[in-house]
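J.: What follows is a single structure, and I will ask about it in a moment.
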Amino acid sequence: MKYFGLIWKNVWRKKVRTSLTILSVLVAFLLFTLLSAIGYAFKGGQDAASAERLVTIDKVSLINLLPIAYKNRIASTPGVRAVTHATWFGGYYQNERNQFMQIPVDPHEYMSLYPELKMPQEQFDAWVKNRTGAVIGQELADQYDIEVGDRIPIQATIWTKADGGRSWEFDVEGIFSTDDPRGVTAYMMFHYDYFDEARAFGQGLVGWYIIGVEPGADSVQVSKAVDAQFANSPNETETTTEQAFSASFAKQLGNIAMIVTLILGAVFFTLLLVSGNTMSQSVRERISELAVLKTLGFEDRAVLGIVLSESILIMLIGGLLGLGFGWVLVQGIAKAVGAFLPGIYLSPQAMLVALGIMVGAGVLAGIFPAIKAMRLSIIDALARA
Amino acid sequence: MSEILAHLTGVSRTYQKGKERVEVLHNLDLEVPAGDFIAIMGPSGSGKTTLLNLMGGLDRPTSGKVQVGDAVLSSMSNSQLSHWRSTNVGFIFQFYNLLPVLSAQKNVELPLLLTNFNAKERARRAGIALDIVGLGDRAKHYPKELSGGQEQRVAIARAIVSDPTLLLCDEPTGDLDRETAVEILTLLQTLNREHGKTIIMVTHDAQAAEFANRIMICDKGTLEHQEAA
């Protein structure tokens, strides 16, 4: 620690060069942060055995709807505690840029399966009573400045009304939120009964089922049991965990996880070259100074430690800045696309991995210049100076 | 001045230069009494700096024995030599060799980083050393803000801050004008006479050598003769 002043001064010996190197580190860790947060959403819920909620969709495609009659059969499956359904409405608010998720649901069933969603009881009661009532998430309320009591029009892109109209109007009866930092509230819910009666086609069909598993039940076995009931039927099902279901939306774009891994690999490889070059130059241009340190009595390993620490410090400065900016961006992105890809979240594990990469990359970038400094012959170096 | 601080016995130093072996020092014997101020003169390549390096524990002889105080430098490991240098010897170079990123104060504190002194004590001791060389008011200046003479004074403060018994000076006035050189040499003389430092100074300059107690001539790897200053 007593060498920190010396290390700090050496790091900033060439301010422009160090700043540019730190900037490249910052960008690399900014990317890492963003891609980790998105990757978190993708990999979520793969461990079905620990899942609390399952989702059942049509086996062929999510676009295909399922009969409402499946609900009772699913509910009677061993291991199923509760079941409800939702359907993709696909509308927009005011103009086409304001797209967010709207789903028609059964209010009582849905809210009992999502206890993490919080809403004042009187607002919930008002929603239940009002056939054209809707509730919106806190994120949406903040984003579009919507309040309880507002009447909002949603333009349908799929579900025209029986009268041929595309504009569905809803009374905002409540605003829900969640205490879970990973929770998503950028969507809107309204009555399935109203939706089913008012739509021009598709009566008696739903988009997907959400299943609450009995405590202690094996989610994998429950999934298999549900799908087995509808085997060889016109609408075979596929039951997965809720997060895997959410990720399936985004995965339709391609193997994003693989792409981001490749991008990160390339970015960090380039980063090592850039910072390794910075450290090599830094050592080359102060050979005589390092020789003076050794002359004064600094041991070889102390010189090694000083040069390595400089490299790690550069990585930590850039990396922590990148992590900080990335965290802010992740919050924004999670709000913007959370309705379509829930679970975008910068986990503590990802931050620890980032810290590990910072230290590891610092060591890798600095180790060869540090060894050169350690092995430096005092006499040769002073003679060259 | 009767106690002997440094003994060099039968010291030879040979370097490999390509395929050729060059013997820089040949079977050299030398005794340096504690508190002495010796100037070593001689032509380029005569082995002056090599001799200084051996006495400072920066190099080891090919054969022979180098002893300073109780320490037999010729048989010590690199780590032992580093530790010994940090407490027993101060180096002063021709081109000062200050760290440009550190202030005068922090340059002087460098050797104290190897001690157990806390930051406050390191600063106090560095302040005293700078006062001794007459640069107490330049403590916060960086090397580029100092004249050559002032830089050399800072280098001297750095050399004496850990209170070593031996000061090794390699052409300490080689980069300075005459007037400044005299100031630096007078300072070295003061450190020798008033602070009891043993000083060995390599120089090409006969007038600089006059400030020493003794002058030795190094030629072709041996100390050929010595004369009273």
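The values are calculated or read from the model by the stated rules, or taken from the named source; none is laboratory data. Predicted model only: the values in this text are computed from it and were never measured. For neighbour counting, all protein chains shown are included, and Cβ atoms are generated from backbone atoms with ideal geometry for every residue, glycine included.
J.: What about A:Gly318, is it in a helix (DSSP H, G or I), at pLDDT 95 or above and crowded, with 23+ Cβ neighbours inside 10 Å?
T.: In short, yes.
J.: Within region A:33-40, is there a residue that is free of Cβ contacts under 8 Å to residues at least 24 places away in the same chain and touching a helix residue (DSSP H, G or I) at 6+ places or on another chain (Cβ under 8 Å)?
T.: no
Conditions (1) in contact (Cβ under 8 Å) with a residue 60 or more places away in the chain; (2) closer than 16 Å to A:Tyr209 by Cα; (3) of a type in the set (Asp, Glu), marked per residue:
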{"site": "A:Leu65", "(1), (2), (3)": "yes, yes, no"}
{"site": "A:His85", "(1), (2), (3)": "yes, yes, no"}
{"site": "A:Phe89", "(1), (2), (3)": "yes, yes, no"}
{"site": "A:Asn95", "(1), (2), (3)": "no, no, no"}
{"site": "A:Asp106", "(1), (2), (3)": "yes, yes, yes"}
{"site": "A:Tyr110", "(1), (2), (3)": "yes, yes, no"}
{"site": "A:Pro115", "(1), (2), (3)": "no, no, no"}
{"site": "A:Lys118", "(1), (2), (3)": "yes, no, no"}
{"site": "A:Gln121", "(1), (2), (3)": "no, no, no"}
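J.: Out of everything in region A:270-289 that is touching a residue at least 40 places away in the same chain (Cβ under 8 Å) and at the interface with chain B (Cβ under 10 Å from one of its Cβ atoms), what residue ends up being farthest from A:Phe368 (Cα to Cα)?
T.: My answer is A:Ser288.
J.: Taking region B:113-127 as the region of interest, how many residues are surrounded by 14 or more Cβ atoms within 10 Å (Cβ to Cβ) and either under 14 Å from A:Gly5 (Cβ atoms) or hydrophobic (A, V, I, L, M, F, W, C) (or both)?
T.: 6
J.: Do we find that B:Phe95 is assigned to a strand (DSSP E or B) and either free of Cβ contacts under 8 Å to residues at least 24 places away in the same chain or facing another protein chain (nearest Cβ under 9 Å) (or both) in this structure?
T.: Taking the combined requirement at face value, the residue does not satisfy it.
J.: Checking B:Asn78 against (1) surrounded by fewer than 20 Cβ atoms within 10 Å (Cβ to Cβ); (2) more than 30 Å from B:Val133 (Cα to Cα); (3) away from chain A (no Cβ under 14 Å); (4) among the polar types (S, T, N, Q), which single condition isn't satisfied?
T.: (3)
J.: Going by the structure shown, is B:Tyr15 surrounded by 20 or more Cβ atoms within 10 Å (Cβ to Cβ) and at pLDDT below 95?
T.: Considered against the rule, which asks whether it is surrounded by 20 or more Cβ atoms within 10 Å (Cβ to Cβ) and at pLDDT below 95, B:Tyr15 comes out as no.
J.: Within region B:28-75, can you find the residues that are part of a helix (DSSP H, G or I), within 14 Å of chain A (Cβ to nearest Cβ) and either more than 13 Å from the chain's Cα centre (by Cα) or in contact (Cβ under 8 Å) with a residue 12 or more places away in the chain (or both)?
T.: Of the residues in region B:28-75, the ones part of a helix (DSSP H, G or I) are B:48-55, B:73-75.
Right, trim to within 14 Å of chain A (Cβ to nearest Cβ) and you get B:48-55, B:73.
Within region B:28-75, B:Lys48, B:Thr49, B:Thr50, B:Leu51, B:Leu52, B:Leu54, B:Met55, B:Leu73 meet the criteria.
J.: If you don't mind, another one. What is the number of the single condition among (1) part of a loop (DSSP other than H, G, I, E, B); (2) out of contact with any helix residue (DSSP H, G or I) (no Cβ under 9 Å at 6 or more places or on another chain) that A:Ala141 does not meet?
T.: (1)
J.: Which one of A:Glu116, A:Glu96, A:Glu122 is in the same structural domain as A:Thr239 (by TED's automatic domain parsing), modelled with pLDDT under 90, closer than 16 Å to A:Gly174 by Cα and not hydrophobic (A, V, I, L, M, F, W, C)?
T.: So the residue among A:Glu116, A:Glu96, A:Glu122 that is in the same structural domain as A:Thr239 (by TED's automatic domain parsing), modelled with pLDDT under 90, closer than 16 Å to A:Gly174 by Cα and not hydrophobic (A, V, I, L, M, F, W, C) is A:Glu116.
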